[in-house]
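Undergrad: First the structure, which I've put down as structure tokens, then a few questions once you've had a look.
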Amino acid sequence: MYDIAIVGSGPAGATLARMLGSQYRVLLVDRRRLDVGVSEATLAKPCGGLLAPAAQKELARQGLGVPRDVVAGPQLFAVRTVDLSADVERLYQRFYVNVDREAFDRWLASLVPDGVERCHGWSLESLEPDAEAPTLHFRTAEGGRACVRARLVIGADGAGSAVRRLAYAGQPAPDRYRAIQAAFDVSPGDPFYGAIFDESLTDFYGWTIPKGGALLVGCAFPAGAGTSSRFDAFVSALRKRNFRFGRELSRMASMISRPSRPSHLFAGTGRVLLVGEAAGFISPSSAEGISYALRSAADLGGALAPGLDGAGARYAAAALPLAIKVGLKAAKASAIYRVGVRRAVMRSGIGALPDRATTLAAPTLGEFLR
């Protein structure tokens, strides 16, 4: 029997395993084959791979520096924000670090101590709650089945968390969106990231991110039928807007969460706890989740340092500021995605960089002095 079984080896699960691996007997399970080389089959999340300032801050707080082979190019400092329906466009300065998301996840997983037992390619099928030691049933990478008991189960398995669904069926879950992202051939690339709004296609947003010799184009849609055709329409709209990219190279899709009320945030109780997106910790305004994954894992790691007993209550208290932050992001989202408010702000130019044409035509200091 294990002390702790962590389901999911993304940023939240890998961080927690790194923090606890020398103190407890830990099992780390992931449905991805992180034990084999990268291939299309191993890529599970259509993430743009931008480390927001909050994620950078949390990595620094944990004493981590991103390795060179995880960083992707180009490193850009502006976001081209476009409201397609209103034909409004602005450029805003932002400070993200562009990374290879798959390499980032594998790097975090590589930091997990050797004492942690890992099972790759395993999918959770059922969970039997128990006051002392819940039982987990998995489908293995080879198609067999495995039964695991642990004194504490941690759901770090993202949107649509199987742990959350199986252990807390009656708990309200965040709204679910289907994120679709495709890589397109592009040369040369535009010198900015893109954030695109079009309420005729989605009540969320889309993005463009130059990554090496490709352009990642993605968009999040409310879960349901017709998302693939809406994504095709989104791509077509970008081409008409003079976003420059060529043929499609690959495409992937997955679910993301979008919490909109306090009941969507749930860190678990007793012997089954949740971290990261599984707990609803993700930005409702931007879908940025890496900082929340890292922070919630650190909060739980600290709560478990004194022992398993009472860890749930300590974790709930430690994660309260994170829950408040999600609530503030939800309030921000209610403004950003209110069409009239967003367009008024964009048209005002508040916080935007000067128009490039205006900047080029503006007189220089030398011209003023002549």
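Undergrad: Could you count how many residues in the range 170-192 are in a strand (DSSP E or B), over 17 Å from the mean Cα position of the chain (by Cα) and either free of Cβ contacts under 8 Å to residues at least 40 places away in the same chain or surrounded by 19 or more Cβ atoms within 10 Å (Cβ to Cβ) (or both)?
TA: 2
Undergrad: Now for a different question. Show the residue pairs meeting these rules: Cβ distance below 7 Å; 6+ apart or different chains; first residue within the range 234-252 and of a type in the set (Asp, Glu); second residue surrounded by 11 or more Cβ atoms within 10 Å (Cβ to Cβ).
TA: That search, which allows pairs on different chains as well, returns Glu248/Ala182; Glu248/Phe184.
Undergrad: In addition: Out of Asp114, Asp87, I need the residue that is at positive phi, over 18 Å from the mean Cα position of the chain (by Cα) and of a type in the set (D, E, K, R). Which one?
TA: Answer to the selection: Asp87.
Undergrad: Examine the range 270-281 for a residue that is surrounded by fewer than 22 Cβ atoms within 10 Å (Cβ to Cβ), within 21 Å of the chain's Cα centre (by Cα), aliphatic (A, V, I, L, M) and more than 21 Å from Phe77 (Cβ to Cβ), and state whether such a residue exists.
TA: Scanning the range 270-281 turns up no residue that is surrounded by fewer than 22 Cβ atoms within 10 Å (Cβ to Cβ), within 21 Å of the chain's Cα centre (by Cα), aliphatic (A, V, I, L, M) and more than 21 Å from Phe77 (Cβ to Cβ).
Undergrad: Same structure again: Can you work out which of the residues in the range 155-169 that are more than 15 Å from Ser254 (Cβ to Cβ) and touching a Ser or Thr at 6+ places or on another chain (Cβ under 8 Å) is surrounded by the fewest Cβ atoms within 10 Å (Cβ to Cβ)?
TA: Step by step, filter the range 155-169, then rank; the result is Leu166.
Undergrad: Let me ask something else about it. Which residue, of Phe243, Phe266, is at pLDDT below 95, surrounded by 15 or more Cβ atoms within 10 Å (Cβ to Cβ) and part of a loop (DSSP other than H, G, I, E, B)?
TA: Just a single option satisfies the conditions, and that option is Phe243.
Undergrad: From the set of residues in the range 132-169 that are within 16 Å of Asp3 (Cβ to Cβ) and either part of a loop (DSSP other than H, G, I, E, B) or of a type in the set (Ser, Thr, Tyr) (or both), which is modelled with the lowest pLDDT?
TA: Glu132
For (1) in contact with a strand residue (DSSP E or B) (Cβ under 7 Å, 6 or more places away or on another chain); (2) within 16 Å of Thr81 (Cβ to Cβ); (3) surrounded by fewer than 10 Cβ atoms within 10 Å (Cβ to Cβ); (4) at pLDDT below 95, each residue gets a yes or a no:
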residue	(1), (2), (3), (4)
Ala335	no, yes, no, yes
Arg342	yes, yes, no, yes
Thr358	no, no, yes, yes
Thr364	no, no, yes, yes
Arg370	no, no, yes, yes
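Undergrad: Separate question: Specify which of the listed residues (Leu294, Leu308) is at pLDDT 95 or above and outside any helix (DSSP H, G or I).
TA: Only one candidate passes the filter, namely Leu308.
Undergrad: For the range 222-236, name all the residues that are under 25 Å from Asp190 (Cα atoms) and in contact with a strand residue (DSSP E or B) (Cβ under 8 Å, 6 or more places away or on another chain).
TA: Answer for the range 222-236, where residues must be under 25 Å from Asp190 (Cα atoms) and in contact with a strand residue (DSSP E or B) (Cβ under 8 Å, 6 or more places away or on another chain): Arg230, Phe231, Phe234, Val235.
Undergrad: A follow-up question, please. Counting only residues that are free of Cβ contacts under 8 Å to residues at least 60 places away in the same chain and buried (at least 16 other Cβ atoms within 10 Å of the Cβ), which one in the range 90-102 is nearest to Thr15 (Cα to Cα)?
TA: Arg101
Undergrad: Go through the residues of the range 34-42 one by one and say whether even a single one is surrounded by fewer than 16 Cβ atoms within 10 Å (Cβ to Cβ), at pLDDT below 95 and touching a His at 6+ places or on another chain (Cβ under 8 Å).
TA: yes
Undergrad: Only residues that are within 20 Å of the chain's Cα centre (by Cα) and either part of a helix (DSSP H, G or I) or among the aromatic types (Phe, Trp, Tyr) (or both): list them for the range 10-31, please.
TA: Answer for the range 10-31, where residues must be within 20 Å of the chain's Cα centre (by Cα) and either part of a helix (DSSP H, G or I) or among the aromatic types (Phe, Trp, Tyr) (or both): Pro11, Ala12, Gly13, Ala14, Thr15, Leu16, Ala17, Arg18.
Undergrad: Could you go through the range 124-144 and let me know if any residue there is closer than 18 Å to Leu294 by Cβ and surrounded by fewer than 15 Cβ atoms within 10 Å (Cβ to Cβ).
TA: no
The values are calculated or read from the model by the stated rules, or taken from the named source; none is laboratory data. Note that the coordinates shown come from a computational prediction; the quantities given were computed from them, not determined experimentally. Methodologically, a virtual Cβ is constructed for each residue, glycine included, from the backbone with ideal geometry; neighbour enumeration extends over all protein chains shown.
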